[in-house]
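The values are calculated or read from the model by the stated rules, or taken from the named source; none is laboratory data. Treat the numbers as computed from the prediction; the structure is a model and nothing was measured. Don't worry about glycine lacking a Cβ; one is built from the backbone with ideal geometry, like all the others, and counts go over all protein chains shown.
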Amino acid sequence: MSNNRKEWAKRVPEFLVEAESLLAKTEECLSHLQLISNDKDAIDCMLSTLLKLASKADALALAAVSEFSLHIHGLLNHAQNHMELHDEALSALKDCLTLIAWQLELIDQNTGQLSLDETEQATLIEAFAFQVGQSHFQPPVNSKPFSLVPYLERQA
């Protein structure tokens, strides 16, 4: 086992604890938004927490978690300036956060592998994008693009 692998294995449990804490914070922000739609402080908290999670995941080469967090961040950041976050949008956001929590649970702490079907990520991103009026969502620069099927086509 290489030194990099040993170092990674030591950092993963610490990351998972921190990631769980960050996700709890996003849940608090979401609860606040469900009470007070478009509360600037709650949105700013959610945005900074998603960026922190993406950064921490990226540092451990957990691209699926990092990129998904950045996609959510990009959509939320755009939405706050262009629309009210209605109940359906907040529900779609909650679904995205739930998937991140599941992804964190599924990370193999020995290998760092995350067996993942990206279809669910793409579906949830597209649903959130649809709810916030971004039918032509552009992912953050340098992120891996998802292959998206338009949300309306899946609903038919």
Select from segment 8-44 the residues that are over 24 Å from Met83 (Cα atoms) and exposed (fewer than 11 other Cβ atoms within 10 Å of the Cβ) and list them in ascending order.
Lys10, Pro13, Val17
Does Ser31 satisfy the condition of being in a helix (DSSP H, G or I), polar (S, T, N, Q) and closer than 27 Å to Asn4 by Cβ?
no
Among the residues of segment 67-90, is there at least one that is over 18 Å from Ala24 (Cβ atoms), of a type in the set (Gly, Ala, Ser) and part of a loop (DSSP other than H, G, I, E, B)?
no
Please name all residue pairs, on different chains or six or more residues apart, with Cβ atoms under 6 Å, provided the first residue is in segment 122-141 and is in a loop (DSSP other than H, G, I, E, B) and the second residue is at pLDDT below 85.
Gly133/Met83; Pro139/Pro145
Mind listing just one residue for me: the one in segment 45-86 that is hydroxyl-bearing (Ser, Thr, Tyr) and modelled with pLDDT of 95 or more and, of those, surrounded by the most Cβ atoms within 10 Å (Cβ to Cβ)?
Ser69
Across (1) closer than 28 Å to Gln134 by Cα; (2) without any contact (Cβ under 8 Å) to a residue 60 or more places away in the chain, Leu70 clears everything bar (2)
Suppose we keep only residues that are at pLDDT 80 or above and among the charged types (D, E, K, R) within segment 109-156. Which one would you say is farthest from Gly74 (Cα to Cα)?
Glu120
Is it true that Leu22 is under 13 Å from the mean Cα position of the chain (by Cα), among the aliphatic types (A, V, I, L, M) and within 25 Å of Phe130 (Cβ to Cβ)?
no
